[in-house]
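Down below is the structure, laid out as structure tokens.
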Amino acid sequence: MSRVYPFDDAATARAVIDDTGTVAEWNEGARRLLGHPAQAVVGRPAAQLLADDPPALPTGRRWAGTLGLRHRDGRRLPVWLLAHRRPPHDGHAGDWLVVTPLTGGEPPAADDPLAEAVLVQSPCALAVYDDTLRLRRMNDAMADVVGLPEDRVRGLRLAEIGGRAQSAELEQALLEVLVDGRAQDVQTVTRDDDRSHAWLARLAPVRDGDGRVRGVCLTAHDITDNYRARQRLQLVNEASVRIGSTLDVTRTAQELADVCVPALADFVTIDLLDPQEQGGEPPARVTAPVTLRRTAHRSVHPQAPEAVISPGQAEAYPAGSPQADSLTAGHTIVASVAEGDIAEWLTWHTARARRVREFGMHSSMSVPVQARGLTLGVAVLTRYRRPDGFTADDVLLAEEITARAAVCVDNARRYSRERETALALQRSLLPRTLPSTAALDASSRYLPAARAGVGGDWFDVIPLSGMRVAMVVGDVVGHGVEASATMGRLRTAVRTLADIDLAPDELLTHLDDLVVRLSAESGEGTPGELGATCVYAVYDPVSRRCTAARAGHPPPVVFRPGGTPQALELPAGPPLGLGGPPFESTEVELPEGTVLALYTDGLVWARERDPETSRDMLLQALGEYAGSLDETCDRVLHRLLPPGGCADDVALLLARTRGLPAAQVATWHVPADPALVAPIRKQVGEQLDTWGLSEASFTAELVVSELVTNALRYGAHPVRLRLIHDAATLICEVSDASHTAPHLRRAKIFDEGGRGLLLVAQLTRRWGSRHTPEGKTIWAELPLYDEDR
């Protein structure tokens, strides 16, 4: 069936002029206007039709104006023309389409029905208010918006017709237009019983022939769809900003609930699956029943009275529950209470049924929280204050927001798992307990960074020979598993170097070489890229002296009894890994009861203040020491660190020195005559009797005899013997002026020597040698109790 168009082609004079100025087309309306038939015009220059000089060629895509044209009878005819520049089409080059109406000049008749339709039958809602802002006219579309016929509300003000706060605001805008004569656009939202509507009201002044404002014309456009689309887009943008502000699973879930209330629902719950054992990944799909843990919820009411369980509680959801059904299906499920979609679930769960009746919940929407092919949990959105149910657009919006949040939850979950792994590695590399020694009491604290995670801070207390003890605190540059692994290497290296009794400056030199090699192995080209700082101190309870050195690390703080805390003056030394300047040691005397504090720079860079102020606060906190190292550690951390956690990890080691009484130390200078070894051994037995250690006399005398004999035979004078004992250990030390260290070896059958140190190793718990500025010391430890018990 062909369609008939009511067009009179001859009612418009139309011509086409090509780029050469030649007439290409000429219709019947053009013939009626100028009298020239098409065959007399087409193919000839258009300029021959002009009665005036040709106008300048237009440069735009359209031209309009009046030209004098030559009629066929020779008279000049002024004609208003509209010309359009057309691009190439249908294989033709660009041309000009020139038109003019033949019947457009007559005004409409007074009884023209089309003139009445401009107001009454227009699909655009329109109303006219007079200069007293009383309704004068409105069309049928506006009557439908108002819900009342025109003859019933004519003469009323807008605020009286609408009866809402929005109507009063719109009437104020009408008054402004009436007064200043400038048009305005006003957006407003009205709510009916079932849904809300958004309107764009365009207000324009109505003027008389003299230009005076006699009233205001109001046209209302329903922009509900656009308004809701903008709301949805705004909510999505808000979700992208608000959700995922931290790498915390609980906080991220709460942010998802906060975004959805009240914009999308009146009550929202976020239930997540518990982390898998052994750090496994969540499943792609789940089967009912499924156990979920309430991670967050949010309500339009304070304290969320709609909730049946509290955050942190777990609950098993059976088949038929919105949570389990959406997770097993893998997509969003919208349920209506009125239609009985969850009647079985509410029958089974009576507590939830009471909440539904109490608050009048009528609709719910269960959206799976899924990311990267994994199922993390479910978000349930419920409405009861809003009367309308969830629409398809609401489902798409909820899925979009939940999908964004799911990625953030998964990122937080992965970060938490990696952080726990790094923390576990860090804890395994740090000492779980500090050794109990006769030289000092110690207490320590380690805190990982709140945001950056674990780092390379470490501390250690290392028992040495001769009742001495080493204290070390270090800090590896960077954070994460790599920094923790590097820290583990350095801590092991420090313990190994300490075991051979290196002086603090020598130990730091060897440690610096190790960091340089590690940096080269890791591919870091520039020295110092893989760096660390460290402070190492050795305390001798016999001499009550402490020797310390540092490598780019904050100096220790010393708090002597009766004094005030102060930083120990140590040469700074370069950080480890630069491989440059040497390190220097400093030796100080520490009376018994002195508190020594070693820490990493995270403690003094914890807040937004200069380090000097933080160090003053540290000194003040240590000055309040009242006998408990643990309480002092807690006080220092509480005083210096912010409540929300520190920006860098912190290690703190506090040690209180002890002194070994002179009565527990015996020293002899051994003459150069080997024949005098027997009297020395006798004196040792007598001293052990004085100490009440007669049971250890035989072994001790044998060990002393072997060590003194070796020193006299292979060492250099002077030779000194020293015995040190505490409740559990007897230490025998023989020092001489030779720097040659002995070596343990097994003698052959016919050798006359070579069995001394092997015998010492069999009789003692451990033995070794250490270099001193004057030579060396060979030492051996004998337990004063039965180790097999």
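The values are calculated or read from the model by the stated rules, or taken from the named source; none is laboratory data. Not measured: the values here are computed from a predicted model. Please note: Cβ atoms are built from the backbone with ideal geometry, for glycine as well, and neighbour counts cover all protein chains shown.
Of all residues in the stretch 576-586, which are surrounded by 14 or more Cβ atoms within 10 Å (Cβ to Cβ) and farther than 15 Å from VAL472 by Cβ?
Going residue by residue through the stretch 576-586, those that are surrounded by 14 or more Cβ atoms within 10 Å (Cβ to Cβ) are 576-579, 583-586.
Those that are surrounded by 14 or more Cβ atoms within 10 Å (Cβ to Cβ) and farther than 15 Å from VAL472 by Cβ: GLY577, LEU578, GLY579, GLU584, THR586.
What are the pairs with Cβ atoms under 8 angstrom where one residue, in the stretch 648-667, is within 25 Å of ALA621 (Cβ to Cβ) and the other, located anywhere, is buried (at least 16 other Cβ atoms within 10 Å of the Cβ) and basic (Lys, Arg)? Sequence gap at least six, or different chains.
Pairs found: VAL650/ARG445; ALA651/ARG445; LEU652/ARG445; THR657/ARG544.
PRO282 passes all but one of (1) under 30 Å from ARG419 (Cβ atoms); (2) buried (at least 19 other Cβ atoms within 10 Å of the Cβ); (3) modelled with pLDDT of 90 or more; which number fails?
With (1) under 30 Å from ARG419 (Cβ atoms); (2) buried (at least 19 other Cβ atoms within 10 Å of the Cβ); (3) modelled with pLDDT of 90 or more applied to PRO282, the lone miss is (3).
Is it true that ALA727 is outside any helix (DSSP H, G or I) and surrounded by 15 or more Cβ atoms within 10 Å (Cβ to Cβ)?
Values: outside any helix (DSSP H, G or I): yes; surrounded by 15 or more Cβ atoms within 10 Å (Cβ to Cβ): no.
Criteria not met by ALA727.
Give the number of residues within the stretch 553-571 that are farther than 22 Å from GLY659 by Cα and either buried (at least 21 other Cβ atoms within 10 Å of the Cβ) or hydrophobic (A, V, I, L, M, F, W, C) (or both).
Counting residues in the stretch 553-571 that are farther than 22 Å from GLY659 by Cα and either buried (at least 21 other Cβ atoms within 10 Å of the Cβ) or hydrophobic (A, V, I, L, M, F, W, C) (or both) gives 3.
Which members of the stretch 687-738 meet the condition of being farther than 15 Å from ALA663 by Cα, more than 60 Å from the chain's Cα centre (by Cα) and among the polar types (S, T, N, Q)?
Once the filter is applied, which keeps residues that are farther than 15 Å from ALA663 by Cα, more than 60 Å from the chain's Cα centre (by Cα) and among the polar types (S, T, N, Q), the stretch 687-738 yields SER694, SER697, THR699, SER705, THR709, ASN710, SER738.
Please tell me if VAL177 is part of a strand (DSSP E or B), of a type in the set (Val, Ile, Thr), within 22 Å of VAL146 (Cβ to Cβ) and under 51 Å from the mean Cα position of the chain (by Cα). Explain how you work it out, then say what you get.
On the way: part of a strand (DSSP E or B): no; of a type in the set (Val, Ile, Thr): yes; within 22 Å of VAL146 (Cβ to Cβ): yes; under 51 Å from the mean Cα position of the chain (by Cα): yes.
For VAL177, the condition - part of a strand (DSSP E or B), of a type in the set (Val, Ile, Thr), within 22 Å of VAL146 (Cβ to Cβ) and under 51 Å from the mean Cα position of the chain (by Cα) - is not met.
Residue pairs, Cβ under 6 Å, 6 or more apart or interchain, first in the stretch 343-361 and at positive phi, second of a type outside the set (A, V, I, L, M, F, W, C). List them.
These pairs meet every condition: GLY360/TYR384.
Inspect all residues belonging to the stretch 536-552 and state whether any of them is assigned to a loop (DSSP other than H, G, I, E, B) and under 23 Å from ASP648 (Cα atoms). Talk me through it step by step, then tell me what you get.
Step one: of the stretch 536-552, the residues assigned to a loop (DSSP other than H, G, I, E, B) are 541-544, 552.
If we keep only those that are under 23 Å from ASP648 (Cα atoms) too, we end up with 552.
Yes, some residue in the stretch 536-552 is assigned to a loop (DSSP other than H, G, I, E, B) and under 23 Å from ASP648 (Cα atoms).
Identify all residues within the stretch 516-569 that are more than 25 Å from LEU619 (Cβ to Cβ), modelled with pLDDT of 90 or more and not charged (D, E, K, R); write none if there are none. If you could, list the steps in order and put the result at the bottom.
Step one: of the stretch 516-569, the residues more than 25 Å from LEU619 (Cβ to Cβ) are 516-532, 540-543.
Okay, now just the ones that are also modelled with pLDDT of 90 or more, so 532, 540-543.
Those that are more than 25 Å from LEU619 (Cβ to Cβ), modelled with pLDDT of 90 or more and not charged (D, E, K, R): ALA532, PRO541, VAL542, SER543.
If you take the residues of the stretch 330-345 that are in contact with a Pro (Cβ under 8 Å, 6 or more places away or on another chain) and either assigned to a helix (DSSP H, G or I) or modelled with pLDDT of 90 or more (or both), which of them is surrounded by the most Cβ atoms within 10 Å (Cβ to Cβ)?
ALA335
Tell me, please, whether a residue that is of a type in the set (Phe, Trp, Tyr) and either touching a Ser or Thr at 6+ places or on another chain (Cβ under 6 Å) or within 26 Å of ALA403 (Cβ to Cβ) (or both) can be found in the stretch 307-321. Explain how you work it out, then say what you get.
We begin by selecting, within the stretch 307-321, every residue of a type in the set (Phe, Trp, Tyr); these are 317.
So of that shortlist, the ones also either touching a Ser or Thr at 6+ places or on another chain (Cβ under 6 Å) or within 26 Å of ALA403 (Cβ to Cβ) (or both) come out as 317.
Scanning the stretch 307-321, I find at least one residue that is of a type in the set (Phe, Trp, Tyr) and either touching a Ser or Thr at 6+ places or on another chain (Cβ under 6 Å) or within 26 Å of ALA403 (Cβ to Cβ) (or both), so the answer is yes.
Which ones in the stretch 439-450 are part of a loop (DSSP other than H, G, I, E, B) and buried (at least 19 other Cβ atoms within 10 Å of the Cβ)? Before the answer, list the steps.
So in the stretch 439-450, the residues part of a loop (DSSP other than H, G, I, E, B) come out as 439, 448, 450.
Once the filter is applied, which keeps residues that are part of a loop (DSSP other than H, G, I, E, B) and buried (at least 19 other Cβ atoms within 10 Å of the Cβ), the stretch 439-450 yields ALA439, PRO448.
Would you check if there is a residue in the stretch 216-226 being under 25 Å from the mean Cα position of the chain (by Cα) and either at pLDDT below 85 or of a type in the set (D, E, K, R) (or both)? Full working, then the answer.
Filtering the stretch 216-226 down to residues under 25 Å from the mean Cα position of the chain (by Cα) leaves none.
No, the stretch 216-226 contains no residue that is under 25 Å from the mean Cα position of the chain (by Cα) and either at pLDDT below 85 or of a type in the set (D, E, K, R) (or both).
Determine, yes or no, whether ALA761 is small (Gly, Ala, Ser), surrounded by 12 or more Cβ atoms within 10 Å (Cβ to Cβ), modelled with pLDDT of 70 or more and outside the structural domain of PRO463 (by TED's automatic domain parsing).
So ALA761 passes the test.
Residues of the stretch 635-647 being free of Cβ contacts under 8 Å to residues at least 60 places away in the same chain and loosely packed, with under 13 Cβ neighbours inside 10 Å, which ones?
Within the stretch 635-647, HIS638, PRO642, PRO643 qualify.
Right, PRO205: on the phi < 0 side of the Ramachandran plot and in contact with a Ser or Thr (Cβ under 9 Å, 6 or more places away or on another chain) or not? Walk me through how you get there before you give the answer.
Details: on the phi < 0 side of the Ramachandran plot: yes; in contact with a Ser or Thr (Cβ under 9 Å, 6 or more places away or on another chain): no.
So PRO205 does not fit the description; no.
Taking the stretch 382-395 on its own, how many of its residues are part of a helix (DSSP H, G or I) and without any contact (Cβ under 8 Å) to a residue 60 or more places away in the chain? Give the derivation first.
Step one: of the stretch 382-395, the residues part of a helix (DSSP H, G or I) are 392-395.
When the remaining residues are screened for being without any contact (Cβ under 8 Å) to a residue 60 or more places away in the chain, the result is 392.
Qualifying residue count, the stretch 382-395: 1.
In the list THR492, THR486, which residue meets the criterion of being surrounded by fewer than 19 Cβ atoms within 10 Å (Cβ to Cβ), in the same structural domain as ALA597 (by TED's automatic domain parsing), part of a helix (DSSP H, G or I) and at pLDDT below 95?
Matching residue, one of THR492, THR486: THR492.
Out of PRO591, PRO582, PRO571, which single residue is without any contact (Cβ under 8 Å) to a residue 60 or more places away in the chain, part of a loop (DSSP other than H, G, I, E, B) and not β-branched (Val, Ile, Thr)?
PRO571
In the stretch 614-628, is there at least one residue being under 30 Å from ASP513 (Cα atoms) and among the aromatic types (Phe, Trp, Tyr)?
No, the stretch 614-628 contains no residue that is under 30 Å from ASP513 (Cα atoms) and among the aromatic types (Phe, Trp, Tyr).
On the given criteria, is ARG61 surrounded by fewer than 12 Cβ atoms within 10 Å (Cβ to Cβ) and modelled with pLDDT under 90?
Judged against the criteria, ARG61 is a match.
Select from the stretch 361-384 the residues that are surrounded by fewer than 16 Cβ atoms within 10 Å (Cβ to Cβ) and of a type in the set (Lys, Arg) and list them in ascending order. Quick ask: steps written out before the conclusion?
If we filter the stretch 361-384 for residues that are surrounded by fewer than 16 Cβ atoms within 10 Å (Cβ to Cβ), which is where we start, we get 372-373.
Hit for the stretch 361-384 is ARG372, nothing else.
Could you please let me know if THR533 is surrounded by fewer than 15 Cβ atoms within 10 Å (Cβ to Cβ) and of a type outside the set (Phe, Trp, Tyr)?
Values: surrounded by fewer than 15 Cβ atoms within 10 Å (Cβ to Cβ): no; of a type outside the set (Phe, Trp, Tyr): yes.
For THR533, the condition - surrounded by fewer than 15 Cβ atoms within 10 Å (Cβ to Cβ) and of a type outside the set (Phe, Trp, Tyr) - is not met.
Which ones in the stretch 307-329 are under 33 Å from the mean Cα position of the chain (by Cα) and assigned to a loop (DSSP other than H, G, I, E, B)?
ALA307, VAL308, ILE309, SER310, PRO311, GLY312, GLN313
Do we find a residue being modelled with pLDDT of 85 or more, assigned to a helix (DSSP H, G or I), β-branched (Val, Ile, Thr) and surrounded by 15 or more Cβ atoms within 10 Å (Cβ to Cβ) anywhere in the stretch 505-514?
Quick first cut of the stretch 505-514, residues modelled with pLDDT of 85 or more only: 505-514.
Checking which are assigned to a helix (DSSP H, G or I) leaves us with 505-514.
Filter once more, so that each one left must be β-branched (Val, Ile, Thr): 509.
Remaining after also requiring surrounded by 15 or more Cβ atoms within 10 Å (Cβ to Cβ): 509.
Checking the stretch 505-514: at least one residue is modelled with pLDDT of 85 or more, assigned to a helix (DSSP H, G or I), β-branched (Val, Ile, Thr) and surrounded by 15 or more Cβ atoms within 10 Å (Cβ to Cβ).
Count, please, the residues in the stretch 209-231 that happen to be buried (at least 18 other Cβ atoms within 10 Å of the Cβ) and more than 27 Å from ILE161 (Cβ to Cβ).
The qualifying residues number 0.
Okay, residues lined up against (1) among the hydrophobic types (A, V, I, L, M, F, W, C); (2) under 30 Å from VAL734 (Cβ atoms):
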residue	(1), (2)
GLY466	no, yes
LEU514	yes, no
GLY531	no, no
ASP540	no, yes
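List every residue pair whose Cβ atoms sit under 6 Å apart, with the two residues 6 or more apart in sequence or on different chains, where the first one lies in the stretch 453-476 and is outside any strand (DSSP E or B) and the second, anywhere, is at pLDDT 95 or above.
So the pair list comes out as LEU464/ALA470; ARG468/VAL538.
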